[in-house]
Amino acid sequence: MTTEALIIRENNNIGEADRFVTALTRDIGIIRASVRGARNLKNRNSTATQLLSYSRLTLHRGRDKYIVETAQPISVFFELRSDIVKLSLAQYFCELAGVLAPQEEPAEDFLRLMLNSLHFLAENQRDPHLIKAVLELRMLGLAGFMPDLMACSMCGAFESDSMWFSMREGSLICRECSPQQPVRGGCRITPNVLAAMRHINFSEFEKCFSFTMSDDGIRMLSKQTEAFMQTQLGRSFKTLDFYHSIQKE
Ligand SMILES: [Zn+2]
């Protein structure tokens, strides 16, 4: 079969000529595959199967993994490799996709979200914190973890000076219904951050990266989407920790 894929992980074992990759494919989601001879830089499949390469792969199914027969690069995000902060953020996106995207099922929406995020990141077209927030929240939604951000879960109010957002339940409670922090937990969420999260969740895909906020607002948004991701998945990611450790705040 032939499918388009983004290489989200690359394992090169010392002394072996083959490259082992994890790829997010359009037609069959996440796959593990080996690429014959790709460690040899002269091999025509080499560039197209490096981390962050978006390529057209011809595959066949081996006994326990796929074999890449040919790989043609469509776009290679080279710009990301020269900037350690951007590269680490891109690797976190890849790690998150590896956990959230399906296997043996089409994953076109996941792939499109990844490609758009990497493109904006490479081209400096959006604040990296904004890209991160959109990718986290939108990808969680695709994977079935979409929070209920329509209205207060008790009275149905759409607006409030500030709402409580329960990371665990993914729901809102307004300040009128619960002046104090609700028993079932929740953190304060400002109207701006809530508006941005609603935009990310409910807008058409083409528009989900298109909104503006103050720098402080974007950072707060990114903290909230990250905390929501960690609460829902019950874990963090090494690549995310690394990204935070090298960021210039
Ligand atoms: Zn309410």
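The values are calculated or read from the model by the stated rules, or taken from the named source; none is laboratory data. Keep in mind it's a predicted model, so treat the numbers as computed, not measured. Cβ coordinates were reconstructed from backbone atoms using ideal geometry, including for glycine residues, and neighbour counts include every protein chain displayed.
As a summary of the residue check, His129 satisfies the conditions (1) at pLDDT 95 or above; (2) within 16 Å of the ligand (Cβ to nearest atom) except for the one numbered (2).
Of all the residues in the range 89-111, those that are surrounded by fewer than 20 Cβ atoms within 10 Å (Cβ to Cβ) and small (Gly, Ala, Ser) number 1.
Considering (1) within 16 Å of the ligand (Cβ to nearest atom); (2) crowded, with 19+ Cβ neighbours inside 10 Å, the lone condition that Leu140 does not fulfil carries the number (1).
Evaluation of Ile74 against the conditions (1) modelled with pLDDT under 95; (2) under 30 Å from Gly141 (Cα atoms); (3) over 19 Å from the mean Cα position of the chain (by Cα) shows that the sole unmet condition is (1). Determine, yes or no, whether Ala97 is of a type in the set (Gly, Ala, Ser) and touching a Leu at 6+ places or on another chain (Cβ under 6 Å). Yes: the conditions hold for Ala97. When you look at Ala133, is it closer than 23 Å to Arg235 by Cα and either surrounded by 15 or more Cβ atoms within 10 Å (Cβ to Cβ) or within 18 Å of the chain's Cα centre (by Cα) (or both), yes or no? Yes: the conditions hold for Ala133.
As for the range 187-202, it holds at least one residue that is under 20 Å from Arg138 (Cα atoms) and of a type in the set (Ser, Thr, Tyr).
Criterion first (among the acidic types (Asp, Glu), within 24 Å of the chain's Cα centre (by Cα) and more than 23 Å from Asp127 (Cβ to Cβ)) does Glu176 satisfy it? No; evaluated as a whole, the condition is false for this residue.
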